Amino acid sequence: MKQLVTFAALGAALILPLLATAQVNPSPGQQPTQTQAEQATQKPQDPPAPNFFLKDGKLPLSADASRYIKFTLLNQVWMRYNESNPGTTVGGYNVPNTYDIGIRRFRIQFYGQLTDRVFIYSQIGINNLSYNADRKSGGTPGASQGGTGGFFLHDAVAEYAIVKNRLSFGAGLGAWNGLARYASSSAGAIMGLDLPTLEETTNDVNDQFGRKLSVYAKGKLGKLDYRVAVSNPLLYQKAAGYVATPGANAQFSSTPPKPQYQGYFSYQFKDQESNLTPYTAGTYFGKKAVFNIGAGFIVQPEAMWYTQGSPTNVQTKAMQQYAVDVFYDAPLSAAPDAPSVSFYAAGLHLDYGPGYLRNNAPMNPGTGSSLTSTTVGGFGNAFPEYGTGNAIYSQLGYKFKDNLVGTTTFMPYVAYQHASYARLADDVNFYDAGLNWLISGHTSKFTLAYQNRPYYITNAAGENVVDSRRSAVILQYQVYFN
């Protein structure tokens, strides 16, 4: 109840000043409304017909194209060599390493500005279609897998602008998430190989690949960009790796979920970024000068449970997550073909309850493990990405000047992820470095990346420690029609 009151107060504090300042009179450059006498003496004219030429993927619904519908396409193909975690099996056979080709993402977006205040957005797609994925239908992924071979609904939201630009209300399945910038990443505008999945803290546990059934408010107040949402979490029983009963280490609770509250606030010092959709760009390749500082949160009462004491009693706990971040992406000079730099860093405090730990394995090339004990590291390319504790993520990229080699150029990058989780005796350190070959910006690009991750075991003393490290080399080709 306290959270609902707080959220209502926040909404009122945002809405009332805006409605009070909304303009109802014509601006100085606007013509006054015609009188009835003037209207009666003028010959009625048909409104100009819209131009139905498809431009930038948009089909105009009005003459000035302020109303439109639009669609986009994205395909990201991975060609990968991976050093398997110890004990990894494929179809029951031990495999020390794997070579695979897979569709990391394929997306179709369809959205439109239907009136000057009504907006609709939808997205369907597929994730992680590799040689070991289910075919032609959704299916259920393995405990360390992040997707299946089937198309599914990513987004379906309807939105109404109460005060244009300043306050919009929306509802549906979407990614208007709180916490941090890349809790809602633009998959087609990633700077490096992949998203900072660390910030998608409930991905496929009680949401649909990061999308949540929510009601939300968004807008801009001067240079402050904000989003707040109340979400209805999906049942944990439907999640991959579902654990039915509580134990000493916290897990998501099987009880009916309480509402989830989230928000993210970003002060944009330089160029303003669009908030038409929830997805944030990884880099603009220096075509904008952006400098943002942000902060956000996700809170869900009684989201977690665990056992405690003797005899054991089931305890429930709120999931609480908080983050601050900074994003800088700008050209290094005023020249139209200037090189540019892109930088992002985030600090996160993640509280899932005592002992919580969860592995992540993008497009896992393994299907199981021959090991039955002494490991918390998972199989394939898994490593402990989420847990109770503190984490940081940072990335840095440098784009050479445009037309460096013919009409193409290059952008090397490095990314680093560090986490200190209570259940691990050794900290998590994940490294990612690569080179983008920008044939045509984000529209057509190759990315060659090297990744290095830790592999954990439980030693004789019962401590979870790093036993070894494993690597992967990935070549991605992306085509993005936007």
Query raised in the report: Once the Cβ-Cβ distance between residue 481 and residue 235 is put in as r, and R0 is 35 Å, what FRET efficiency do you end up with, to the nearest 0.05?
Result: 0.50
Report task. Kindly list the residues of the stretch 355-399 that lie in the label zone of residue 418, defined by a backbone N under 14 Å from the point 7 Å along the Cα-to-C-beta vector. Result -> 390-395
Query raised in the report: Residue by residue, what Karplus-based ³J(HN,Hα) values in Hz, rounded to whole numbers, does the stretch 257-267 have, using 6.51, -1.76 and 1.60 with θ = phi - 60° and x for Gly and Pro?
Result: x, 7, x, 10, 10, 8, x, 8, 10, 10, 8
**Report entry** With at most 10 neighbouring Cβ atoms within 10 Å, loop trypsin sites (Lys or Arg not before Pro) (DSSP) excluded, longest segment of the chain
**Finding:** 137-482
Query raised in the report: Of the accessible area of the chain, with the probe set at 1.4 angstrom, what percent is carbon plus sulfur?
Result: 61 percent
Report summary line: Which residues qualify? For residue 470, with a placed amide H closer than 5 Å and at least 5 residues away or on another chain, they are 453, 455
Report task. For residue 274, put the label point 7 Å out on the Cα→Cβ axis and report which residues of the stretch 83-111 keep their amide N under 17 Å from it. Result -> 108-111
**Report entry** Label point distance in nm, residue 117-residue 443, each placed 7 Å from Cα along Cα→Cβ
**Finding:** 3.7 nm
**Report entry** Whole-Å distance, taken between Cα centres, linking the stretch 171-228 and the stretch 389-435
**Finding:** 20 Å
Query raised in the report: With +1 on each Lys and Arg Cβ and -1 on each Asp and Glu Cβ, how big is the dipole of the stretch 218-280 about its Cα centre, in debye rounded to the nearest 20?
Result: 120 debye
Report summary line: Diffing the stretch 315-327: the Karplus 3J(HN,Hα) column from phi (6.51, -1.76, 1.60, θ = phi - 60°), in whole Hz with x for Gly and Pro, holds 10, 10, 8, 6, 7, 10, 9, 9, 8, 10, 8, 9, 9
Query raised in the report: If the label point is 7 Å along Cα→Cβ of residue 315, which residues in the stretch 264-304 have backbone nitrogen under 15 Å from it?
Result: 302-304
Query raised in the report: Average projected area of the Cα convex hull of the stretch 259-354, in nm²?
Result: 7.8 nm²
Report task. Report the net charge of residues surrounding residue 108, where surrounding means a beta-carbon distance below 13 angstrom and charges are Lys +1, Arg +1, Asp -1, Glu -1. Result -> +2
**Report entry** Long-range amide H partners of residue 289 with built H, under 5 Å
**Finding:** 271
Query raised in the report: Taking only DSSP H segments of four or more residues, each worth -39500 (n - 2.57), what value at 222 nm results for the chain once the sum is divided by all its residues, to the nearest 500 deg cm²/dmol?
Result: -1500 deg cm²/dmol
Report task. Over 29 Å between C-alpha atoms is what I'm after, so list which of 238/445; 58/287; 212/287; 58/258; 70/258 land there. Result -> 238/445; 212/287; 58/258; 70/258
Requested in this report: Find the Rg to Rh ratio for the stretch 308-437, where Rh is the Kirkwood radius over alpha-carbon pairs and Rg uses the same atoms.
Outcome: 1.13
Report summary line: Taking Cα atoms, the helix 2-21 axis meets the longest principal axis of the chain at an angle in degrees (rounded to 10) of 20 degrees
Query - Förster-model FRET efficiency, 45 Å R0, residue 209 and residue 332, C-beta, rounded to 0.05 - result: 0.80
**Report entry** 19 Å Cα-Cα reach of residue 164 towards lysines, excluding residues that sit fewer than 8 places from it in its own chain
**Finding:** 218, 220, 223
Query raised in the report: Could you name the aspartates and glutamates in cross-link range of residue 270, using Cα to Cα under 19 Å and dropping any fewer than eight places away on the same chain?
Result: 225, 325, 329
Report task. Compute the FRET efficiency between residue 71 and residue 287 as 1/(1 + (r/R0)^6), taking r as their Cβ-Cβ distance and R0 = 22 Å, and round to the nearest 0.05. Result -> 0.45
Report summary line: To the nearest Å², the heavy-atom accessible area per residue of the stretch 330-482 with 1.4 Å probe amounts to 39 Å²
Report summary line: Semi-axes a, b, c in Å (a largest) for the chain, each sqrt of 5 times a Cα gyration tensor eigenvalue, come to 42, 28, 21
Query raised in the report: To one decimal place, what Kirkwood hydrodynamic radius in Å is obtained for the stretch 419-469 from all pairs of distinct Cα atoms?
Result: 13.4 Å
Report summary line: Distance in nm between residue 97 and residue 162 label points, each 7 Å along Cα→Cβ, equals 5.7 nm
Report task. May I ask which residue of 290, 197, 237 lies farthest towards the positive end of the charge dipole of the chain, with charges of +1 (Lys, Arg) and -1 (Asp, Glu) on Cβ and the Cα centre as origin? Result -> 290
**Report entry** Relative contact order, percent, the stretch 294-424 [alpha-carbon distance under 8 Å, six or more residues apart]
**Finding:** 21 percent
Report summary line: Percent relative contact order for the stretch 334-398, counting Cα pairs under 8 Å at least six residues apart, stands at 51 percent
Report summary line: Treating every alpha carbon of the stretch 57-210 as one equal point scatterer without solvent, the Debye formula yields log10 I(q)/I(0) values at q = 0.13, 0.16, 0.18 Å⁻¹ of -0.74, -1.03, -1.24
Query raised in the report: How large is ³J(HN,Hα) for each residue in the stretch 57-67, as worked out from phi by the Karplus curve 6.51 cos²θ - 1.76 cosθ + 1.60 (θ = phi - 60°), to whole Hz, x for Gly and Pro?
Result: x, 9, 10, x, 10, 9, 4, 8, 6, 6, 10
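The values are calculated or read from the model by the stated rules, or taken from the named source; none is laboratory data. The structure presented is a predicted model; accordingly, all values stated were derived computationally and were not measured. Cβ: placed from backbone, ideal geometry, glycine included. Neighbour counts: every protein chain shown. Ligands, DNA and RNA are excluded from the accessible area calculation, which covers all protein heavy atoms including side chains. Shrake-Rupley method; radii C 1.70, N 1.55, O 1.52, S 1.80 Å.
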